[in-house]
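The values are calculated or read from the model by the stated rules, or taken from the named source; none is laboratory data. Just so we're clear, the structure is a prediction, and the values are computed from it rather than from any experiment. Cβ atoms come from the backbone with ideal geometry, glycine included; neighbour counts cover every protein chain shown. Just the protein is used for accessible areas: all its heavy atoms, side chains included, with ligands, DNA and RNA removed. Shrake-Rupley method; radii C 1.70, N 1.55, O 1.52, S 1.80 Å.
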Amino acid sequence: MPQPPSTRVLPHELPASLRDAGLGHWIREPLDDAVDRRRRIIMPPAVAVLGTPASGYQGALLAEAKHADTVFMMGDNPALPKMPEKPSLRDFYLLRFGPIARMHLLQSARVARENGLDEKVIMACLLHDIAIAGLVPANHGYWGAQLVAPYVDDEVAWAIEKHEALRYFPDQSVGYSYPAAYLDYFGPDYRPPAYIQREAEAARRHRWYMTSRLVTINDIYSFDPDVVADFDDFADVVGRHFRQPAEGLGFDGSPVAHMWRTMIWPNNFL
């Protein structure tokens, strides 16, 4: 049986090897105004690199950190905007979410509002892909629902979780078809796994089914660059439907505070 190609990289060869692999950003050279003038290594999280060549760099990165002028990234990454001491949902939107994910969420909520939908649906649209925007895309409906559950109505969190499964399955009675974008993303022969099918079937029988279905109906799969949408356009909806903790998201002692802190310091070694 043929062996997979080796991903072993000798420590002294690491920087050049990383550059050759297009992964030079894992080692950050010190900024000109850095106080300690040390290089900082970002250890790629396992969930992001398993199954890719980058997963083989862990040992070499650990060895590289033995140099006197090198440490692992902990705390604020200068490449990211600094978050305030008591971050709000708005801060995560503006300082942690990339422009594509942010505009996707805002335009989905904008369409829901233009369609005259209930504010719970608008709020769910505003948050439905929050895990993709700032945390992890796989199982994003479930991650997203957990992330916001302490701060929103149960119906909103449920709708976010179940849109993960429902988006794969048409419901012609309400005009929802399988997204054309998914044919490009996954191919025409893709079939969701059995657990997703079971989740969708159970969701169809739930009293909040239509709330989650409306999220999928108003899901914008490619945002229009000519349409301007701003988080502050939804300040009133957020104010009524998102319970912002006084301590700031990530510091209120909730069961999901660690998830918000992960988005504040996504490159921490530990």
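General remarks:
- When you filter the trypsin sites (Lys or Arg not before Pro) in the stretch 225-270 for DSSP loop state and at most 16 other Cβ atoms inside 10 Å of their Cβ, you are left with ARG243.
- Put a dot 7 Å past the Cα of TYR182, heading toward its Cβ, do the same for TYR195, and the two dots end up 1.8 nm apart.
- Each label point was placed 7 Å from the Cα along the Cα-to-Cβ direction; for MET74 and ALA202 their separation is 4.1 nm.
- Under the combined filter of DSSP loop state and at most 16 neighbouring Cβ atoms within 10 Å, the stretch 71-128 retains these trypsin sites (Lys or Arg not before Pro): LYS82.
- Rounded if a/c under 1.5, otherwise prolate or oblate - the stretch 226-270, Cα gyration tensor axes: oblate
- Candidate values [x] 1.36; [y] 0.91; [z] 1.15, label of the one derived for Cα Rg over 2.2 N^0.38 Å: [z]
- For LYS82, a cut-off of 14 angstrom between C-alpha atoms picks up these aspartates and glutamates, skipping any fewer than 8 places away in its own chain: ASP91.
- Reachable lysines from LYS86, criterion Cα separation under 26 angstrom, eight or more residues apart if same chain: LYS120
- Total charge dipole magnitude, the stretch 176-270, about the Cα centre, Cβ charges on Lys, Arg, Asp, Glu only, Debye to nearest 20: 700 debye
- The residues SER173, SER108, sorted by heavy-atom accessible surface at 1.4 Å with ligands and nucleic acids left out, run SER173, SER108 from largest to smallest.
- Global geometry of the stretch 50-197, whether rounded, prolate or oblate, following the gyration tensor of its Cα atoms and the 1.5 cut on a/c: oblate
- 19 Å Cα-Cα reach of LYS162 towards aspartates and glutamates, excluding residues that sit fewer than 8 places from it in its own chain: ASP118, GLU119, ASP129, ASP153, ASP154, ASP171, GLU199, GLU201, ASP219
- The distance from the alpha carbon centre of the stretch 247-270 to that of the stretch 93-138 is 20 Å, rounded to a whole number.
- Whether the stretch 132-270 is rounded, prolate or oblate, judged on the alpha carbon gyration tensor where a/c under 1.5 counts as rounded: prolate
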